[in-house]
């Protein structure tokens, strides 16, 4: 295609000229979606705090770290807020090789419109990184860029490289840990070319249809449902031209990617680059907001973590044991407790006997006495009075909860909402000072969050006051947009009505964990595996090969190891929720769901859970082996019922012993000198049986000396067991 007049362009035939092209990026600061309403009616999504720093800061910090020199920030909804923030931030002030330039548009309603505006401005002069402003990553782009450039030299039709990552969805819910539906991709295993893409928005779809020509022309094709789309793309300038030539392209994936894959005339190609050890994810809904927040606190995103100076005032954070972050000026009562994986912002005060676990608290918050906050996100300048209980909720800036308020799981309170005394906000409710728009956008790719767009009117809702047997009272004279019957005496805010079907589907994308009853429904319901229509399979040529992930031979042992490592990490994260106060029965259901999702055995569950329990013992302070042994005994006593739920047979018990050996040799060597003593604990507490321990020892008899270290250490105890067994026989 001819280059548009006035656009910067460099000939791909001149390597010296190409070398001078700066690496550029287009950052979409508008998600063109309403999934974060009602919050995004008042503030753009990229400026929402993620572990107390705006989302866009994570994306810009990553772009700078990978060598991007020019970042063009496209903003539309609330564009003035984005521009004002950038102008005051370090990104516009710091000298150096990284420049940030806002691009504003008032009439773009999709990502396609945004890229057409970028094209008409003529600011892109070579290959560029396309990313959304809600993306968090620590990956290096060097390898992906090199692959893209090498392909471009050989094939000018290779216009885009998509970054993907292994992320096996739950076999029960068909969702990833980020709350997104599983994606189906067909990829050529040799060239990494993307041949098919389906985001499975229709959950009732039982089969997929592959084009016969695709199957006939591709010698080997791998069909994956275990890949996560990271929404990080390396694009050639032709991508902008394609959007300009095709005004039907609105959504990046549903229109552009699928459009290119079925376009036989132009022949443009999309390739994939899979990352393994690096982190990359996009915040697409409230569940992914919760998941990624936890990943940041648990340091999977390093160096994008709270105590590393990348942006804002995060460098003031101090990391304590158990993953607790505290700013220097926190006023915490002596009787207040801050538990594992929590972060407390500067200037926050916490009253007597309050407990905060697995939560993020913003700056200048006031938390009263006997307050319980579990798995929640409290932004800045929030007031929570005495005896309130918050469970897996999100509370925006300036909210005021009066004494005795209860927020059930999944509640979202938008800016400056006030809730009256002893009001219970039901699960998954959304409350805002702004009344709910009466007209909802129908097409997801055209969704547009703007407080001034659309006709708004008071919502039709059921009064919480009525459902909770609290008499409604007249509206507060100070509340311009309020119905106090909804949020109690002195309350200010509207409770938004839900879509047809009520809260039935709210749990899918909520901050709250999937309810136990939902997991049970999935466990009991018939599970339909991924299928391919007979018609398409019959068209497969004799030389062709169609491989599904569940039966694929296209992966080596490294893939199995990666699955095992991911599974172990997921089990550990689930166990941390027990430490934060989640009902152990719900955790058992979650672990069973993970077992089915990752196709693991009960033995794998037992080994991974034992590993998590032992790590919790190691995280407690100790100054000697004796103290570590005492810590371990306490933790094993505390969680033995949970662990025994995974020990169905002797095989699972032996797996625990093998896992313990591995830990002592590789990851937690502090336990090595205590192996025999802890083995005695496991027997005395009825966690491991005599038969399992003796069977483990017998299996080691023919092993190398290096594999018998812990058997020899435990020989006195093993001898005692054998003699006791013989006495019983006599």
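Odds and ends about this structure:
- Strands (runs of 3 or more DSSP E) contained entirely in region 58-163, each with at least 1 residues that are in contact with a strand residue (DSSP E or B) (Cβ under 6 Å, 6 or more places away or on another chain) and without any contact (Cβ under 8 Å) to a residue 40 or more places away in the chain: 99-104
Results for (1) surrounded by 14 or more Cβ atoms within 10 Å (Cβ to Cβ); (2) touching a residue at least 40 places away in the same chain (Cβ under 8 Å); (3) farther than 18 Å from residue 607 by Cβ; (4) under 42 Å from the mean Cα position of the chain (by Cα), shown as yes or no for each residue.
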residue	(1), (2), (3), (4)
666	no, no, no, yes
674	yes, yes, yes, yes
679	yes, no, no, yes
689	yes, no, no, yes
710	yes, yes, no, yes
714	yes, no, yes, no
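- Number of the exception - residue 27 against (1) touching a strand residue (DSSP E or B) at 6+ places or on another chain (Cβ under 7 Å); (2) buried (at least 24 other Cβ atoms within 10 Å of the Cβ); (3) assigned to a helix (DSSP H, G or I): (3)
- Here residue 178 passes the criteria (1) within 16 Å of the chain's Cα centre (by Cα); (2) buried (at least 22 other Cβ atoms within 10 Å of the Cβ); (3) closer than 22 Å to residue 36 by Cβ except the one numbered (2).
- Enumeration of residues in region 40-54 that are under 13 Å from residue 285 (Cα atoms), touching a strand residue (DSSP E or B) at 6+ places or on another chain (Cβ under 8 Å) and crowded, with 22+ Cβ neighbours inside 10 Å: 46
- Selection over region 645-662 of residues that are part of a helix (DSSP H, G or I) and either touching a residue at least 60 places away in the same chain (Cβ under 8 Å) or under 16 Å from residue 595 (Cβ atoms) (or both) gives a count of 5.
- Number of residues in region 244-264 that are in contact with a helix residue (DSSP H, G or I) (Cβ under 6 Å, 6 or more places away or on another chain) and either at pLDDT 75 or above or under 27 Å from residue 278 (Cβ atoms) (or both): the value is 3.
- Criterion (at pLDDT below 85, surrounded by 14 or more Cβ atoms within 10 Å (Cβ to Cβ), more than 42 Å from the chain's Cα centre (by Cα) and assigned by TED's automatic domain parsing to the domain that holds residue 568) met by exactly one of 721, 647: 721
- Of the helices (runs of 4 or more DSSP H) lying entirely inside region 208-307, those containing at least 3 residues that are crowded, with 21+ Cβ neighbours inside 10 Å and in contact with a strand residue (DSSP E or B) (Cβ under 9 Å, 6 or more places away or on another chain) span 238-245, 286-297.
- Scanning region 86-101 for residues that are surrounded by fewer than 21 Cβ atoms within 10 Å (Cβ to Cβ), touching a helix residue (DSSP H, G or I) at 6+ places or on another chain (Cβ under 7 Å) and modelled with pLDDT of 85 or more gives a single hit, 98.
The values are calculated or read from the model by the stated rules, or taken from the named source; none is laboratory data. Keep in mind the model is a prediction, meaning the values are calculated, not measured. Using ideal geometry, Cβ is built from the backbone for each residue, glycine included, and neighbour counts are taken over all protein chains shown.
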